[in-house]
Number of protein chains: 2
Amino acid sequence: MRVVVLRWGHRIPRDRRVTTHVALTARAFGAEGMILADVEDEAVERSIRQVTRLWGGSFWVKSGIPWREAVREWRSMGGLTVHLTVYGLPLTRELAEKIKRENRPVMVMVGSQKVPREFFSPKVSDYNVAVGGQPHSEVSSLAIFLDRILDEAWLTLKFDDAKLRVVPQERGKKVLRVKV
Amino acid sequence: MRVVVLRWGHRIPRDRRVTTHVALTARAFGAEGMILADVEDEAVERSIRQVTRLWGGSFWVKSGIPWREAVREWRSMGGLTVHLTVYGLPLTRELAEKIKRENRPVMVMVGSQKVPREFFSPKVSDYNVAVGGQPHSEVSSLAIFLDRILDEAWLTLKFDDAKLRVVPQERGKKVLRVKV
């Protein structure tokens, strides 16, 4: 299943680290890319590009696209939109299965501050989904959501053309470095 | 199962937001508290206390305890230590079950920068566990780890004495405010 993440409300510089965690989580858990809506941030794009260059795969980040345009285009192509919000319906196994059964590409929308009210509207989001009803982190919410709808893809994903690859160890660190 | 989180390597002010996300994730996913090792940070303690006051429960944050002391004390009480690291063994269902079958209180150790080499040693960690072999976020790793070993407790946890409680909605926001 194709998944992209739309990150809304990024503020420079205060959100850079958390937005980077959002992007790396998106990549490691199986999303194909992240749209950083409404604001251009070359620094975030660069740091994610650097990770992809070293660790492989084709994860992309595009910043500066207006969220309305991104959502409109996604839906016009038949894509589903899922807004992660503490106010939404709890992400039970049943809800995750329902979303999977739609069998459509998914745009996951995560805010870094109070989102526009329209995000909750059927004109924007097909689902408003909560990873629990407590305040915590959009990074956690995204990880759990992707874990559920992509069937723990993070456990087995391979990234092409990686220059670095971790070899799991009970103790210590082992990293394979591929020379190019 | 009792779980506490030990956060290591917190830098003021740069790590404050991510450390706060770690603490809120720990709370929302069922840990009982967080030790912010080696550094005192009254601001983080205060902001988490404020969340607990509004959203209930008894989650605690203690900062400034040296990590060696915290680990030594935890182990002397029969507690298990699990170090989350990209270099460790993948968190398969089997590994999660094995950790659960130990049936001991768990201290989860997460770093915010390169951790001391000793963290990988059997003198410190009983397990070195990786939530995937790709760089992403200690916030995601903690969420997935707690989800697995506490059987998605985040979905059903209740927090006592909450002044705010979200009522899940398909659309819009609904929050109950309890007057005191």
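Worth pointing out:
- In a residue-by-residue description of region B:87-97, the property of being more than 12 Å from every other protein chain (Cβ to nearest Cβ) and within 17 Å of the chain's Cα centre (by Cα) applies to no position.
- Pick from region A:150-180, criterion of a type in the set (K, R) and within 12 Å of B:Q134 (Cβ to Cβ), ranking: nearest to the chain's Cα centre (by Cα): A:K158
- Failed item in (1) facing another protein chain (nearest Cβ under 10 Å); (2) within 15 Å of the chain's Cα centre (by Cα); (3) free of Cβ contacts under 8 Å to residues at least 40 places away in the same chain, with B:V18 passing the rest: (3)
- Of all the residues in region B:140-167, those that are touching a Ser or Thr at 6+ places or on another chain (Cβ under 6 Å) and farther than 21 Å from A:F159 by Cβ number 2.
Residues checked against (1) β-branched (V, I, T); (2) surrounded by 14 or more Cβ atoms within 10 Å (Cβ to Cβ); (3) more than 27 Å from B:R165 (Cα to Cα):
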site: A:L80; (1), (2), (3): no, yes, yes
site: A:P105; (1), (2), (3): no, yes, yes
site: A:G111; (1), (2), (3): no, yes, no
site: A:F120; (1), (2), (3): no, yes, no
site: A:G133; (1), (2), (3): no, yes, no
site: A:E138; (1), (2), (3): no, yes, no
site: A:L155; (1), (2), (3): no, yes, yes
site: A:V167; (1), (2), (3): yes, no, yes
site: A:V178; (1), (2), (3): yes, no, yes
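- Residue list for region B:82-103, restricted to those being surrounded by 13 or more Cβ atoms within 10 Å (Cβ to Cβ) and in a helix (DSSP H, G or I): B:L95, B:A96, B:I99, B:K100, B:E102
- Of everything listed in (1) aromatic (F, W, Y); (2) surrounded by fewer than 20 Cβ atoms within 10 Å (Cβ to Cβ); (3) more than 11 Å from chain B (Cβ to nearest Cβ), the single unmet condition for A:W67 is (2).
- Selection count where residues are facing chain B (nearest Cβ under 9 Å), farther than 19 Å from A:P105 by Cβ and among the charged types (D, E, K, R), scope region A:21-58: 0
- Tally of residues being basic (K, R), surrounded by fewer than 24 Cβ atoms within 10 Å (Cβ to Cβ) and more than 11 Å from B:V139 (Cβ to Cβ) across region B:1-48: 5
- Across region A:51-79, the qualifying residues are those that are among the β-branched types (V, I, T) and within 30 Å of A:V178 (Cβ to Cβ), and the one among them that is nearest to the chain's Cα centre (by Cα) is A:V61.
- Number of residues in region B:150-175 that are in contact with a strand residue (DSSP E or B) (Cβ under 8 Å, 6 or more places away or on another chain) and farther than 30 Å from B:K98 by Cα equals 13.
- Condition broken by A:P66, with the remaining ones in (1) within 26 Å of A:S125 (Cβ to Cβ); (2) without any contact (Cβ under 8 Å) to a residue 24 or more places away in the chain satisfied: (2)
Quick note: the coordinates plus some simple rules give every number you see, no bench work behind them. All values reported here derive from a predicted model rather than from experimental measurement. Glycine gets a Cβ as well: all are built from the backbone with ideal geometry, and neighbour counts include every protein chain shown.
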